[in-house]
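The structure appears right after this line, and notes come after that.
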Amino acid sequence: MVLQLLSSLLAVAGFAYLAGCGATNPEQKGGTVVWQGTTETATLLSGGLQRSYTVYLPKGYQSSKPRPLLLVFHGAGGTGAGIRGVGLDSWADRLGFITVYPDAAGGGARHTWALGCFQCTWADVQGIDDYRFIRELLDALTQKYSVNRARVAVTGVSLGGSFAFDFACHSSDLILGSVVVASLPSPAELTGCQSGLPISVMIMNGDQDPNIPWDGGGQYNYLSNAAAAEFWAMRDTCPATPVATSLPDLNGDGKLVRLSAYLNCASSTFVRSYRIEGGGHAWPSGDLDASRVIAETFFGE
C-alpha cells in the first residue's frame, strides 16, 4: 500500500506556509523583498540524478569563520525556493547561520521525498535515495563553504517534516537537532530508524490539521504527537514525564500553544512537542513563531 502518496498530494492542496500573525519576513523596501545576504543555486549529481538546491549565505559571511547550517525540506510538490517565504533567511542574517533548501526529485517522483519505506511516496516508488542525497549534499557544502559540521540542524514541513523526522532517525551522527512541522510519522517509517546518538527534537502540530491528525491514526495510522515525542524521549534517555506549559497568548485570540518538554536528556538534548490550538496544516507563526524558535534554539548565542 502506498502510505503517503495521497496524503502528500492533499497536503500540497491544503498547505499554507504561514499561519497567524507576526510572521518574520525578509526586509521589504517599497514592496520589494530585499535579501541582505547572498543567494546561490547549484546542482549535485547523486544516485545518477542531477539534484538542485538553493543556498543562502547570511550577511557578513566570510570563509574564514565556520558557520552553523540549517537544511530546510519543502512539502510534497513544492520547491526549496518556495519555502523560503517562512522567513528563516532573515534569522540567518541576524544569527549568522547558513540556510540550505534542497529540492525533491521531479519527474516520476513528483517532487516528493523518499522516506525509505515500501512505496511510502512517489520518490520511494521510483527508488530514489534521498538520505544519500542529503549526506552527499552536506559533504559538498562543507567543501565549498565554511560550515561548522558540529552545528547542523534540519527542519521540514508536511512531507518535508516527515523527511526531517526520518533523516534524524537515519543520520543522528550528522546533525544536532531536527524540527518537524505539520507532520507525524507512520509506523512504516519507523522500521527504518537506526539506533544512534541523542539529538534534540521539536515537533509542531496544529490540533485541527485536516491531513495529520493530532491524536494519530487516520488512513495511514500516524503516530500521535505525544507518541512521536515519546519515541525521541526514549532514544534520548529523557526523564519519563515531560513538563507541561503554555506559551503567552500574544495575539489575544484565546487559543493557546501548549508545550510539552522532556528536559535533562542524554548529552544535554531535549524533546519538545507543541500543540497549536485551532492550528491547521501550516508553518506556525503568531504565538509560536516557528522560524524564530528554530533559529534561536539551535543557533542563538
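Summary table
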| read-out | value |
| --- | --- |
| Fraction of antiparallel bridges per DSSP, the chain only, in percent to nearest 5 | 50 percent |
| Built amide H within the under 5 Å cut-off of GLY156, gap 5+ | PHE73, VAL179, VAL181 |
| Contour excess over end-to-end distance, with Cα ends at ASP215 and ASP253 and 0.36 nm allotted per residue | 11.4 nm |
| Stretchable slack from SER246 to LEU190, in nm (0.36 nm times residue separation minus alpha-carbon distance) | 17.2 nm |
| Förster radius 30 Å - calculated FRET efficiency between GLU301 and PHE118, Cβ distance, rounded to 0.05 | 0.10 |
| Spread of Cα-to-Cα distances over 10 Å intervals beginning at zero, given as percent, for segment 109-209 | 16, 47, 32, 6, 0 |
| Inverse mean reciprocal Cα-Cα distance (Kirkwood Rh) of segment 187-273, Å | 14.2 Å |
| Phi to ³J(HN,Hα) by Karplus 6.51 cos²θ - 1.76 cosθ + 1.60 over segment 142-151, Hz, x for Gly, Pro | 5, 6, 8, 10, 8, 10, 8, 5, 7, 10 |
| Quotient of C-alpha Rg and 2.2 N^0.38 Å, computed over the chain | 0.93 |
| All aspartates and glutamates inside 16 Å of LYS144 as judged from Cα atoms, apart from same-chain residues fewer than 8 positions distant | GLU40, GLU136 |
| Loop sites in segment 103-147: chymotrypsin sites (Phe, Trp or Tyr not before Pro), DSSP, at most 14 other Cβ within 10 Å | PHE118 |
| Euclidean distance of C-alpha centroids, segment 55-115 and segment 269-301, integer Å | 17 Å |
| Full-extension gain in nm, THR38 to ALA150, via 0.36 nm per residue minus C-alpha separation | 38.0 nm |
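All of the numbers you see were taken from the coordinates with simple rules; none came from a lab. Since this is a predicted model, take the numbers as computed values, not measurements. Glycine also receives a Cβ, built like all others from the backbone with ideal geometry; neighbour counts cover every protein chain displayed.
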